[in-house]
Each structure stands twice: as structure tokens, then as C-alpha cells.
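Asks: The following block contains the structure, expressed as C-alpha cells.
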Amino acid sequence: MSTSGRLRVLAIVLAGGEGKRLMPLTADRAKPAVPFAGIYRLIDFALSNVVNSGYLRVVVLTQYKSHSLDRHVSSTWRMSTLLGNYVTPVPAQQRRGPHWYLGSADAIYQSLNLINDDKPDIVVVVGADHVYRMDFAQMVAQHVDRGASCTVAAIRQPIELADQFGVIDVRPEDPHSIRDFLEKPKAPEGLPDSPDEVLASMGNYVFDASALVEAVTRDSDMQGSKHDMGGDIVPAFVRREEAAVYDFKDNEVPGATDRDRGYWRDVGTMRSYYDAHMDVVSPLPVFNLYNGHWPIYTDYGPQPPVKLAKGADGSAPAAEEALLSPGVVVSGGEVRRSVLSPAVRVEQGAVVEDSVLMDAVLVGPGAVVRNTIIDKGVRVPAGAQVGVDVEVDRARGFMVEDGLTVLGKFQPFPPE
């Protein structure tokens, strides 16, 4: 423990994810840098949770196509150096040999200099690509009270979905103690207090710093290891009976409503990414972006206010169940159940429904956009239709997945 008697906590955000299942949104950026809900990047949720929890010394480990991510973190997440606080993006540096990160555990092993420099008592390790609110201080408090070396955050899921997650099997006599860590099990036991549910790992961890250093160092030399936090490091602590679980249902975030309390979504697929957007545009949002007691921080640049204007023919604009970011202009167009990012333009007679449009997308006069995700800078020509007929979209060379049409950054429309 620190000489002051207060625990010194370092937060490590694992942000090297490639995000192959989110292509083409990750064709030119790391998954944590993918925009979400108009003005945010996915990493803003992890970083906001960390700093709102009171942990203001944070390193962000990056690797895959990290330029826009590094730029966003560096320009947005600035702390008081006078108080020794920082949020620092750290790219892979091949400190342990001529290879990039081999897994999340190897990312920490290759970055042990950061732990050695900061000398924390506790290390909080979190992923960078989930949408949720969480007070990590409550998890750290349980970790310390129980005297565990490793604590894993977990969320309750229906037992029939167990084969989609890493599942935490707890001891019936001590439901905070991990008995086994099961990777996508077919027939797990239900929880002692809820037989129809299991605990799924959230990819967030708390470690005693010395135990984490020892674990990733030992793992670095193990033949056959995938050097993964969930697949290798946590099971090693479980085998030594040094691992505890933190039940996310016990986490109380200030300002949470009954409807959005306990919300957590892994946006690892195009459908889950889209569905998470629909969660925030609903009239009573399943995830509430307007909780001022636990804000999600970001920076979207010097954009002007939203403007709703009549079209040249006098047609009135309409916006219903929509998130309109700063800089959006709707001129006689209609927007329903959609998210529009900064500087999007919807022109006269155009209709945007059930869609997600990223920065500076232009929807031309009379165009129709439905059930579509459009990355930044795309121009939808006047009168064009996208997301209306998926076979037509496929013929154009657009990606179609789970009933959604997806256009990559600056992707052109083929000539009619």
C-alpha cells in the first residue's frame, strides 16, 4: 500500500482491438475509435467510467490503425499535470522483442514499464469497446475487502445464451468466489440465487499490481498460451483460488434510472452496434445519454448548432425519435429513429429512417435512406435509395449484413 495509506490506482485501457466484425467501419480506424451516438467514440465510454470513478492516471494501449484513436485521446482527454494526472495513449513499441502485441496479456507484459513507473497498488484493466456506465471504485472496494489478487466484473445473462460468453462459475457457498472460468459452455450451472442465469465476463478486471506483474510475466514464457487476459490470466488466478467476481447488478451509478440501470452492450457486430444506437433514440432510452451525474465526455470540434429549416419549396423539416448532433442541417427533409453525427446534411424531400449517419454525410434532395449505417463523408445522390432493396444494394457493391446496408468511409455511389 502507498505510504499515505490510500491506495494508488492505475487504469489500463486495452484499445488495440482490430474489430474485424465491424468492417468496413474499422477499415481505416481501430474499433475503439469507431463513432457512436453521433458525437462519441466507443473509447469515450470506458474512459468516462474510469475518470468518473475517480481514477485519473490512465494509459491507453493501442495497436491497430491507431492514428485517429491516438489523436482523439490526445486532443480530448487532457488532465491536470499539476496534480500528476494523465490519460496517455501508448502504441505498441516492441519492448520485449521484434513482435507486436500477441494478445491482451502480452500488451500489458510489453508495457510493464508503465506500471513500474507509476508504482500503483491496484491496476484496473478495462476494455475499450463496450457501451455502459460503471463505477469502478465500488469494484475496487470489494476487491480490497475480499483480499483477492484478481477480481473479474461480470453481468448476468440468461443461461440459454451462455455459449456466447466467457462464463464465471461461482462457488455455491461463496458466490463472490470463482470456482471455474468457462469459455462459451454448452451446459453450465445456473447461479445459486438465480438458476436461470449465468455470470458473463465483461472484460473488466481489478488486480493487485504485484500479482498482475507476476502473472503476465509468467504467462509470457508459457508454451501454448494465447496471452489473453480472459483466456489465460484469469484462469491462472482461478486455479490458485485467488480470483473473485464482481456482480455488475450491485453497481450503483449516480443518476441511473430504473430503465437504464445495469445496461451493458458489447458492440462487436454490426447488428449489435446498430441495436445499441436504437437503444439511445427510443422515447424512453434503454441507455440514457442525458445522465448529468455520470457524464460521457468527448470532443466534437467547433460545430454550430443544429438547424431545422424549410426546403426551397417551403416543405417543413421533420425530426422524430432522432439524435441530431451539432452542425446537423435538415432542410425540408425528414429524419425518424436515426442518429445523425456532426455536419450531416439532409436536403429537401429526403427521408432518413432507422439509420446511423456519421460525420459530414450528405443526403441529397429526394433521397431515401433506411436501415443503413453510413460512414463519414458519403454523398447520397439526389433521388437515390439505399437500404430499401438489399439486393439492389448488393449489386451496387454495398455491404449487406443482418438486414442492414453498410457504406464505408467516403464510399461512392455507382452511376445509375
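Asks: How big is Rg to Rh over region 254-353, alpha-carbon atoms, Rh as the Kirkwood inverse-mean-distance radius? Please report the intermediate quantities before stating the final value.
Replies: Values: Rg = 15.3 Å, Rh = 15.0 Å.
That ratio is 1.02, to two decimals.
Asks: A further question on this structure: Straight-line reach from K20: which aspartates and glutamates fall under 17 Å, measuring Cα to Cα and dropping same-chain residues less than 8 apart?
Replies: D28, D129, D266, D375, E401, D402
Asks: While we're looking at this one, here's another question. For region 315-364 and region 1-78, write down the distance between their C-alpha centroids in whole Å.
Replies: Between the Cα centre of region 315-364 and that of region 1-78, the gap is 28 Å.
Asks: Compute the projected area of the convex hull of the Cα atoms of region 178-239, averaged over all viewing directions, and report it in nm² to one decimal place.
Replies: Projected area, direction-averaged: 5.2 nm².
Asks: May I pose another question? What do you get for Rg/Rh over region 7-52 if you use C-alpha atoms and the Kirkwood form of Rh?
Replies: Across region 7-52, the Cα-based Rg/Rh ratio is 1.06.
Asks: Would you work out what percent of the accessible area of the chain, with all protein chains in place, is carbon or sulfur (probe 1.4 Å)? Numbers along the way, then the final one.
Replies: Values: 8900 of 17900 Å².
Using a 1.4 Å probe with all protein chains present, the chain comes out at 50 percent carbon and sulfur.
Asks: Taking the 0 to 90 degree range and rounding to the nearest ten, how far is the long axis of helix 67-76 tilted relative to the main principal axis of the chain, both from C-alpha atoms?
Replies: 80
Asks: Please find, in a Gaussian network model of the chain (springs between Cα atoms separated by less than 10 Å), the residue of A382, A243, A107 whose mean-square fluctuation is greatest.
Replies: A382
Asks: State the percent of C-alpha pairs, over all pairs in the chain, separated by a distance greater than 31 angstrom.
Replies: Tail of the P(r) past 31 Å holds 42 percent of the pairs.
Asks: Among bridges DSSP assigns within the chain, what percent are antiparallel (round to 5)?
Replies: Roughly 35 percent of the DSSP beta bridges within the chain come out antiparallel.
Asks: While we're here: Compare D389, D208, D359 in a GNM of the chain, Cα atoms joined below 10 Å, and give the one with the largest fluctuation.
Replies: Fluctuation is largest for D389.
Asks: At 10 °C and 1.306 mPa s, what whole-number value in µm²/s does Stokes-Einstein give for the translational diffusion of region 152-215, with Rh from the Kirkwood sum over Cα pairs? Each step should come with its number before you reach the end.
Replies: On the way: Rh = 12.2 Å.
After rounding, the answer is 130 µm²/s.
Asks: Which log10 I(q)/I(0) values does region 293-410 give at q = 0.10, 0.12, 0.16, 0.23 Å⁻¹ under the Debye formula, counting every alpha carbon as one identical point scatterer?
Replies: After summing over all Cα pairs, the log10 values are -0.28, -0.40, -0.70, -1.28.
Asks: What residue among G301, G349, G268 has the largest mean-square fluctuation in a Gaussian network model of the chain, using Cα springs under 10 Å?
Replies: G301
Asks: Viscosity 1.306 mPa s, temperature 10 °C: give me the Stokes-Einstein translational D for region 133-176 in µm²/s, with Rh taken as the Kirkwood radius over C-alpha pairs.
Replies: 129
Asks: Follow-up. With angles folded into 0 to 90 degrees, how steeply does helix 136-146 sit against the dominant principal axis of the chain? Use alpha carbons for both and round to 10.
Replies: 20
Asks: Taking a quarter of the surface of the Cα convex hull of region 359-416, what do you get in nm²? Intermediate results must be reported in sequence, preceding the final value.
Replies: On the way: hull surface 13.8 nm².
If I average the Cα hull's projected area over directions, I get 3.5 nm².
Asks: For the Cα atoms of the chain, what angle does the longest principal axis make with the long axis of helix 270-281, in degrees from 0 to 90, nearest 10?
Replies: The two axes meet at around 80 degrees.
Asks: I've got another one for you. Could you check the simple spin-label distance between D121 and S315, using points 7 Å along Cα→Cβ, in nm with one decimal?
Replies: Result: 6.4 nm between the two label points.
Asks: Also, quick follow-up: Treating only the Cβ of Lys, Arg, Asp and Glu as charged (+1, +1, -1, -1), what charge dipole size does the chain show about its Cα centre? Round to the nearest 20 debye.
Replies: Rounded to the nearest 20 debye, it is 1340 debye.
Asks: Setting aside same-chain residues fewer than 8 positions from K249, which aspartates and glutamates have a Cα under 14 Å from its Cα?
Replies: Hits, sequence-local ones excluded: D135, D193, E197, D258, D260.
Asks: Return P(r) of region 1-111 (all Cα-Cα pairs; 10 Å bins starting at 0; whole %; ordered from short to long distances).
Replies: All Cα pairs, binned at 10 Å, distribute as 14, 42, 33, 10, 2 percent.
Asks: Let me ask you something else. Using the structure shown, select from K65/K409; K31/K65; K119/K226; K31/K376 the pairs with a Cα to Cα distance greater than 20 angstrom.
Replies: Pairs exceeding 20 Å: K119/K226.
Asks: Once you wrap a convex hull around the alpha carbon atoms of region 67-202, what is its projected area averaged over all directions, in nm²?
Replies: 11.0
Asks: Now, a different point. Could you provide, to the nearest whole Å², the per residue accessible area of the chain with probe 1.4 Å?
Replies: Accessible surface, normalised per residue, equals 43 Å².
The values are calculated or read from the model by the stated rules, or taken from the named source; none is laboratory data. As the structure is a prediction and not an experimental result, all values here were calculated from the model. Cβ: placed from backbone, ideal geometry, glycine included. Neighbour counts: every protein chain shown. Ligands, DNA and RNA are stripped out before the accessible areas are found, and what is left, the full protein with its side chains, is counted by its heavy atoms. Shrake-Rupley method; radii C 1.70, N 1.55, O 1.52, S 1.80 Å.
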